[in-house]
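Chemist: Starting off with a structure, shown below.
None of the figures in this text is laboratory data; all of them are computed from the coordinates on show. Note that the coordinates shown come from a computational prediction; the quantities given were computed from them, not determined experimentally. Cβ placement follows ideal geometry from the backbone for every residue including glycine, while neighbour counts extend to all protein chains displayed.
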Amino acid sequence: MIIYLIGYMCSGKTTLGGLLKDIAKVTFTDLDQYIEEKEGCSINEIFSRKGEEEFRKIERASLREVSENIGGIIATGGGTPCFFDNMEYMKSNGCAIYLSCSREELVERMKIYKATRPLLKDKSDRELKEFIENSLPKREHFYNKATIIIDADPLSTEKGAIETAKKVIEIIDSINN
C-alpha cells in the first residue's frame, strides 16, 4: 500500500517519512526532491522560470510516476493535495495521512527553516504568523479529506517523532490486515 504524507509546509512530512523509512524499512520518496532531481533545478527555480501552473502540472505527473514506479511512503509538497484531482488520486491509490500541526508549532518550525525557504526568509515572526493565518485555511479543506489525520506537533522532539512514527506504523498495519 502507498502511504501519502500530506500537510502544510514544515508540518513534518519529510521528518516522519525518513523515520518510517528507517524504522519500518520501507521505500521513502520526498516528492519535491524527486521533482528537483528530475527537472535539474529547485522548486523555486521552476516557479520563477515556468510559473506555478506549469509547476503544478509537473507535480501532478511526478506524483503519478512515483506512485506507479516506486510506491512506499511519499511525502507530498504542501500544495499537492490542493490541485487537480491529486487528493482523489492519492486516496484511490493508497492512504493519505494528514499531518495536522498547530499554527503555533508551524510558526516555531518556520522560524528554524525560513532561511532555506525563499517565501519565508525575509518574514518577521509576526509576518510568519500572518502568512499561516492567510494561507492554511485555504488548504485545510483539502487536507481534511485525508484518510487519516494525526497530530504532527509531537514531531518537534525526538521522542515525539519516534512515537508518532510507531503510531503511523500501527495504523498502516491495521489497514493492511
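Chemist: Give me the percent of DSSP beta bridges within the chain that run antiparallel, rounded to the nearest 5.
Modeler: Percentage antiparallel, nearest 5: 0.
Chemist: Where the centroid of each part is defined by its Cα atoms, how far is the range 1-77 from the range 112-177 in Å?
Modeler: Their Cα centres are 15 Å away from one another.
Chemist: Let me ask something additional. Given axes a ≥ b ≥ c from the Cα gyration tensor, I'd like to know whether the range 2-161 is rounded (a/c under 1.5), prolate (a/b larger than b/c) or oblate.
Modeler: The shape class here is rounded.
Chemist: Excluding residues on the same chain fewer than 8 positions from Lys21, give the lysines whose Cα lies under 26 Å from its Cα.
Modeler: The reachable lysines, counting only those whose Cα sits under 26 Å from Lys21, are Lys13, Lys38, Lys91, Lys114, Lys145, Lys159, Lys166, Lys167.
Chemist: Here is a further query. Report relative contact order for the range 29-177 in percent, whole number only (criteria: Cα-Cα under 8 Å, sequence separation at least 6).
Modeler: 23
Chemist: Give the shape of the range 29-90 as rounded, prolate or oblate, defined through the alpha-carbon gyration tensor: a ≥ b ≥ c are the square roots of its eigenvalues, a/c under 1.5 means rounded, and otherwise the shape is prolate if a/b is larger than b/c and oblate if not.
Modeler: oblate
Chemist: Right, something else. Just to be sure I understand the model, the point goes 7 Å from the Cα along the line to the Cβ. What's the resulting Ser102 to Lys138 distance in nm?
Modeler: 2.6
Chemist: Across the chain, where is the longest run that never hits trypsin sites (Lys or Arg not before Pro) in a DSSP loop with at most 14 other C-beta atoms within 10 Å?
Modeler: Counting at most 14 other Cβ atoms within 10 Å as exposed, the longest clean stretch of the chain is 26-120.
Chemist: Using a ≥ b ≥ c from the Cα gyration tensor of the range 77-177 (square roots of the eigenvalues), is it rounded, prolate or oblate, where a/c under 1.5 gives rounded and otherwise the larger of a/b and b/c decides, a/b for prolate? Walk me through the numbers before you get to the answer.
Modeler: Details: a/c = 2.56, a/b = 1.40, b/c = 1.83.
Here the range 77-177 falls in the oblate category.
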